[in-house]
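Trainee: Here it is, the structure, as structure tokens.
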């Protein structure tokens, strides 16, 4: 990572780039698993939580990236249109939130085809970015070759270490990598099924309060500024179910938007900047 004395590499002299992101649009994953029991198109995360999140983003002037399943684009066209109207990026999160790391070559290629057809039908000419559901891919060479072939500019996978290397990394067909880490994801703290992931990271297996998430995010943001680095913050609409959680989102947005040392931008803008300035992101500078 860059040292504290490294010159800024981000626009307008900023010392860090931070993207606020969201994942999972509606009930795509539940439909895929066969566990959805309500009428399609009525998920409370879209009808109730997402509007409040959009208002907070608007109040702070933050433009985000929403990694949405392609299946959901036709189910929630109004929500997708509102995201785009407000200047947020709609990126790709699989067709129905398939467990990406377990896909065969044929299934992976099939999801590309179905997803890009669904996006075109929804008025999205091309996806600029992709976040694999579950965070990892079955074969990096295969997946990144498909991304490049379909014109996808960047991927946002799970970081394979705590350094979270980003940029145009060797052997990935020119696709920019903008990783996330589990501790910067609300689900790490709020979901029962993340007990094993918490344990692997040295945290208690029990669900953790927003205060724990807050402490990590604020310290991590300071570190990213110090290191001239990049950070992806991830909030799931379906988990923003209390005033305490929404207050945390409000505080984090205020922190990243008000600091002149932080370039707060959606992932597609960060990826374009990285691709256009390779001299600032050579391996020795990461």
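Trainee: Hey, does the range 3-25 have a residue that's closer than 17 Å to residue 80 by Cβ, in contact with a strand residue (DSSP E or B) (Cβ under 9 Å, 6 or more places away or on another chain), at pLDDT 95 or above and part of a loop (DSSP other than H, G, I, E, B)?
Mentor: yes
Conditions (1) farther than 20 Å from residue 232 by Cβ; (2) surrounded by fewer than 24 Cβ atoms within 10 Å (Cβ to Cβ), marked per residue:
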{"position": "11", "(1), (2)": "no, yes"}
{"position": "17", "(1), (2)": "no, no"}
{"position": "25", "(1), (2)": "no, no"}
{"position": "47", "(1), (2)": "yes, yes"}
{"position": "50", "(1), (2)": "no, yes"}
{"position": "62", "(1), (2)": "no, yes"}
{"position": "68", "(1), (2)": "no, no"}
{"position": "72", "(1), (2)": "yes, no"}
{"position": "77", "(1), (2)": "yes, yes"}
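Trainee: Does the range 185-193 include one or more residues that are touching a strand residue (DSSP E or B) at 6+ places or on another chain (Cβ under 9 Å), surrounded by fewer than 21 Cβ atoms within 10 Å (Cβ to Cβ) and touching a residue at least 40 places away in the same chain (Cβ under 8 Å)?
Mentor: Taking every residue of the range 185-193 in turn, at least one turns out to be touching a strand residue (DSSP E or B) at 6+ places or on another chain (Cβ under 9 Å), surrounded by fewer than 21 Cβ atoms within 10 Å (Cβ to Cβ) and touching a residue at least 40 places away in the same chain (Cβ under 8 Å).
Trainee: Would you mention how many residues in the range 205-237 are assigned to a helix (DSSP H, G or I) and without any contact (Cβ under 8 Å) to a residue 60 or more places away in the chain?
Mentor: 13
Trainee: Going through the range 238-279 one residue at a time, which ones are assigned to a helix (DSSP H, G or I), under 23 Å from residue 148 (Cβ atoms) and out of contact with any strand residue (DSSP E or B) (no Cβ under 9 Å at 6 or more places or on another chain)?
Mentor: Residues satisfying the conditions are 276, 279.
Trainee: Being under 15 Å from residue 147 (Cβ atoms) and either touching a helix residue (DSSP H, G or I) at 6+ places or on another chain (Cβ under 7 Å) or at pLDDT below 95 (or both) is the filter here; which residues of the range 111-136 pass it?
Mentor: 112, 115, 119, 126, 127, 128, 129, 130, 132, 133, 136
The values are calculated or read from the model by the stated rules, or taken from the named source; none is laboratory data. If you're wondering where the values come from, they're calculated on a predicted model, not measured in any experiment. When we count neighbours, we look across all protein chains shown, and the Cβ atoms used for this are built from the backbone with ideal geometry, even at glycine.
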